[in-house]
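The values are calculated or read from the model by the stated rules, or taken from the named source; none is laboratory data. All of these numbers come straight from a predicted model, not from anything done at the bench. FYI the Cβ positions are ideal-geometry reconstructions off the backbone, even for glycines, and counts take in every protein chain you see.
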Amino acid sequence: MCKHGNCGCKTKGAPPPEAVAPAKYHPAAEILGRNSLLGEKLKSDLEKMNVFTINIMGSAGAGKTSLLEALLPRLGREHRAGVIEGDLFTSRDADRIARLDIPVVQVNTSGGCHLTAAQVAKSLPSLPLKEINLLFIENVGNLVCPAEFSLGENTKIVVLSVAEGDDKPAKYPLMFIQADIIVLNKTDLLEASGFNLQSFYQDVRNLNGHAPVFEVSCRTGSGLDSLAGHISRLAAPVVAAHG
Amino acid sequence: MSMHELGIAQEILNISLESMEKYGLKELRRICVAVGELQHLEADCLQVAFEASASNTPARGALLEIVRIPVKAACLSCGQEFSGSPLSYGCPGGCTAGLNLLQGNELYIDEIEGV
């Protein structure tokens with residue numbers, strides 16, 4: 001049956017219709033390939049429109065929306081931001097962003113644990129893409145699967161709050177390996193939560209040598225100017241090109 | 001059933017159906033999925049999700065086989081290669097300069113078997 005002999009290999013050509021013995025094939029297919037391809041396309045489309053895209057990930061309750069609320073007013077006037085809010089249910093996060101007079105679209109995944117490139121593609125037409133040069137995508141609160149789904153972003157921010165514990169980087173390594181920026185939020189609760197900074201930094205640096213870590217508190221405002229400055233520098237070429 | 005495994009199962013089904021057509025298969029017996037240890041996937045959950053997704057398709061009845069691929073990384077400072085459980089990725093040399101992931105993040109269909 002097999003053109004190489006009897007190894008059962010059938011990587012080329014269809015088997016004859018009378019074949020009965022099971023044959024093995026190697027489609028070499030990435031299971032999330034469809035999402036990755038669409039993510040690549042989104043990235044290229046957004047770059048052509050001079051939009052710098054940031055995917056914000058972190059647990060439910062880490063303070064991703066609070067970070068956006070604190071960050072958006074701190075970005076210079078040259079930044080015209082838009083936001084995609086991902087959540088299982090409700091438009092509460094989008095409502096909070098809309099109060100800042102920032103264009104925002106809410107994506108409800110109805111139980112889905114992460115955003116996909118297809119959901120982002122579908123929500124883009126609801127944003128004034130010609131007017132914005134910075135797109136923040138707030139992912140569904142989850143330290144697991146959002147790490148596996150490209151959304152066409154230029155930069156990934158991972159937000160961890162001290163109340164979650166210092167052991168999270170070691171427990172959710174993929175998220176922290178892939179991070180371009182790590183934000184440690186709620187540092188006003190450092191003492192109350194017993195968060196071990198030394199252990200946290202050791203685990204983070206074991207996984208990721210390049211991502212800067214910003215210690216912030218969205219409640220007190222500490223550390224946020226420095227984070228806003230870093231994002232401004234990253235996005236500067238795109239913002240300048242947008243005019 | 002977890003939504004996460006359901007999404008993955010549906011992608012596996014899509015690829016399986018395309019492969020069946022490409023290779024002219026009438027019946028799918030087995031799908032071997034390579035899963036890196038860093039992927040958070042539960043095998044039983046994935047099988048249940050796949051069965052539910054495939055029930056009315058030509059791919060129904062296929063058994064999912066998961067092959068786990070261990071994590072392997074190289075230290076970005078001293079270059080030493082090391083492997084480890086998902087809880088201990090530190091460079092054995094004590095460097096804390098981050099790592100270059102060599103394997104352990106895979107998620108692909110390695111082999112399908114059918115007639």
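Tallying residues that are crowded, with 19+ Cβ neighbours inside 10 Å, within 30 Å of residue B:91 (Cα to Cα) and in contact with a Ser or Thr (Cβ under 8 Å, 6 or more places away or on another chain) within the stretch B:38-81 yields 2. When the stretch A:153-208 is limited to residues that are among the basic types (Lys, Arg) and within 22 Å of residue A:230 (Cβ to Cβ), the one that is modelled with the lowest pLDDT turns out to be A:205.
Residue by residue, here is whether (1) touching a His at 6+ places or on another chain (Cβ under 7 Å); (2) surrounded by fewer than 21 Cβ atoms within 10 Å (Cβ to Cβ); (3) among the small types (Gly, Ala, Ser); (4) more than 30 Å from residue B:23 (Cα to Cα) holds:
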site	(1), (2), (3), (4)
A:23	no, no, yes, no
A:33	no, yes, yes, no
A:48	no, yes, no, yes
A:62	no, no, yes, yes
A:83	no, no, no, yes
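Name the residue that is nearest to the other protein chains (Cβ to nearest Cβ), counting only residues in the stretch B:21-45 that are part of a helix (DSSP H, G or I) and in contact with a strand residue (DSSP E or B) (Cβ under 6 Å, 6 or more places away or on another chain).
From the stretch B:21-45, those part of a helix (DSSP H, G or I) are B:21-23, B:43-45; that's our starting set.
Cutting the leftovers down to in contact with a strand residue (DSSP E or B) (Cβ under 6 Å, 6 or more places away or on another chain) gives us B:23, B:43.
Numbers: B:23: 5, B:43: 14 Å.
In this case the residue turns out to be B:23.
Against the condition surrounded by fewer than 21 Cβ atoms within 10 Å (Cβ to Cβ), under 13 Å from the mean Cα position of the chain (by Cα) and assigned to a helix (DSSP H, G or I), how does residue B:10 come out, does it pass? Quick ask: steps written out before the conclusion?
Values: surrounded by fewer than 21 Cβ atoms within 10 Å (Cβ to Cβ): yes; under 13 Å from the mean Cα position of the chain (by Cα): no; assigned to a helix (DSSP H, G or I): yes.
No, not satisfied.
Taking the criterion of being in contact with a strand residue (DSSP E or B) (Cβ under 7 Å, 6 or more places away or on another chain), away from chain B (no Cβ under 14 Å) and in contact (Cβ under 8 Å) with a residue 60 or more places away in the chain, would at least one residue in the stretch A:103-122 satisfy it? The answer is yes, given that some residue of the stretch A:103-122 is in contact with a strand residue (DSSP E or B) (Cβ under 7 Å, 6 or more places away or on another chain), away from chain B (no Cβ under 14 Å) and in contact (Cβ under 8 Å) with a residue 60 or more places away in the chain.
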